[in-house]
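Before we start, here is the structure in question, set down as structure tokens.
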Amino acid sequence: MKKIIVLLFLFVGIVNVSAQKYMTKTGSLKFEASVESFEEIAAENKNTSAILDATTGEIAVLTLMKGFRFKVALMEEHFNENYIESDKFPKATFKGKVEDFDAAKLSSASGIFKISGDLTLHGKTKKVTTNAKISKSGDKITVTGNFDVKPEDFDIEIPKLVSKKVADKVKITFNLLLTK
């Protein structure tokens, strides 16, 4: 009987811990590197994974570089082979924390929260800080926002021939619908 009670407490403990995690495998991550008067350079990855620990505010995001879709297939090929080198650097990750996060105080009205952490892209890791809108509805938390990165900060080389067609700062936009 004692073993059953211990197992029951362990099970309840595991359920309680996992109940504090919100996750998705279908988050949206977009980037825009267009320059006015030239062809649009933009792509979206709708298979971005993310997890948010509601008790600590820790957040982790993972996206596979080959998951980005462009309007022009040739641009997608160049992105993967020449710029991001997806075979060598297959993923980008973000590991950070939502500052002053309290899931109990979230509502359907978006609040603005500061998120800070490490972005790893193309084999390089840099600190990133941005503001994000976070809201909660039922058992879902939505995290949206954007930030800029410079390709040279991640040793991504843009050939001189096309450098005027690619923005100096690439805008990254994220939309994560996390479920308990």
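The values are calculated or read from the model by the stated rules, or taken from the named source; none is laboratory data. This one's a predicted model, so the numbers in the text were calculated from it and none came from an experiment. Because the Cβ atoms are built from the backbone with ideal geometry, glycine has one as well, and the counts that use them run over all protein chains shown. With ligands, DNA and RNA removed, areas are computed over all heavy atoms of the protein, side chains included. Shrake-Rupley method; radii C 1.70, N 1.55, O 1.52, S 1.80 Å.
Is it true that Ala103 is open to solvent by less than 70 Å² (accessible area, probe 1.4 Å) and at pLDDT below 95?
Yes.
Still on this structure, I have one more. So the check is Cβ under 6 Å with 6+ separation or different chains; which pairs have a first residue in segment 169-180 that's over 18 Å from Ile141 (Cβ atoms) and touching a residue at least 24 places away in the same chain (Cβ under 8 Å) and a second one that's open to solvent by less than 30 Å² (accessible area, probe 1.4 Å) and of a type in the set (Gly, Ala, Ser)?
Val170/Ala33
Identify all residues within segment 147-162 that are in a loop (DSSP other than H, G, I, E, B) and either of a type in the set (A, V, I, L, M) or open to solvent by less than 70 Å² (accessible area, probe 1.4 Å) (or both); write none if there are none. It would help to see each step written out before you state the result.
Residues of segment 147-162 that are in a loop (DSSP other than H, G, I, E, B), as a first pass: 150, 155-162.
Answer for segment 147-162, where residues must be in a loop (DSSP other than H, G, I, E, B) and either of a type in the set (A, V, I, L, M) or open to solvent by less than 70 Å² (accessible area, probe 1.4 Å) (or both): Ile156, Ile158, Pro159, Leu161, Val162.
From the list Thr120, Thr144, Thr129, which one is modelled with pLDDT of 95 or more, under 17 Å from Glu32 (Cα atoms), part of a strand (DSSP E or B) and hydroxyl-bearing (Ser, Thr, Tyr)?
Result: Thr144 is the single residue among Thr120, Thr144, Thr129 that is modelled with pLDDT of 95 or more, under 17 Å from Glu32 (Cα atoms), part of a strand (DSSP E or B) and hydroxyl-bearing (Ser, Thr, Tyr).
Related question: What residue, among those in segment 106-139 that are open to solvent by less than 30 Å² (accessible area, probe 1.4 Å) and touching a helix residue (DSSP H, G or I) at 6+ places or on another chain (Cβ under 7 Å), is farthest from Leu62 (Cα to Cα)?
Step by step, filter segment 106-139, then rank; the result is His122.
Here is a follow-up. Can you pull out the residues in segment 89-100 that are surrounded by 19 or more Cβ atoms within 10 Å (Cβ to Cβ) and more than 21 Å from Glu157 (Cα to Cα)?
Phe94, Gly96, Val98
Restricting to segment 163-180, and then to whatever is within 21 Å of Met75 (Cα to Cα) and open to solvent by 80 Å² or more (accessible area, probe 1.4 Å), can you tell me which residue is modelled with the lowest pLDDT?
Checking each candidate, the answer is Lys164.
Continuing with the same structure: Tally time: how many residues in segment 56-88 are closer than 21 Å to Asn175 by Cα, touching a residue at least 40 places away in the same chain (Cβ under 8 Å) and part of a loop (DSSP other than H, G, I, E, B)?
Residues flagged as closer than 21 Å to Asn175 by Cα, touching a residue at least 40 places away in the same chain (Cβ under 8 Å) and part of a loop (DSSP other than H, G, I, E, B) within segment 56-88 amount to 2.
Let me ask something additional. Which of the residues spanning segment 56-88 are in contact with a helix residue (DSSP H, G or I) (Cβ under 9 Å, 6 or more places away or on another chain), surrounded by fewer than 17 Cβ atoms within 10 Å (Cβ to Cβ) and closer than 25 Å to Met23 by Cα?
Result: Lys66, Arg69.
So, Thr26, is that one touching a residue at least 12 places away in the same chain (Cβ under 8 Å), open to solvent by 40 Å² or more (accessible area, probe 1.4 Å) and not in a strand (DSSP E or B) or not? Break it down into steps so the answer makes sense when it comes.
Details: touching a residue at least 12 places away in the same chain (Cβ under 8 Å): yes; open to solvent by 40 Å² or more (accessible area, probe 1.4 Å): yes; not in a strand (DSSP E or B): no.
No; evaluated as a whole, the condition is false for this residue.
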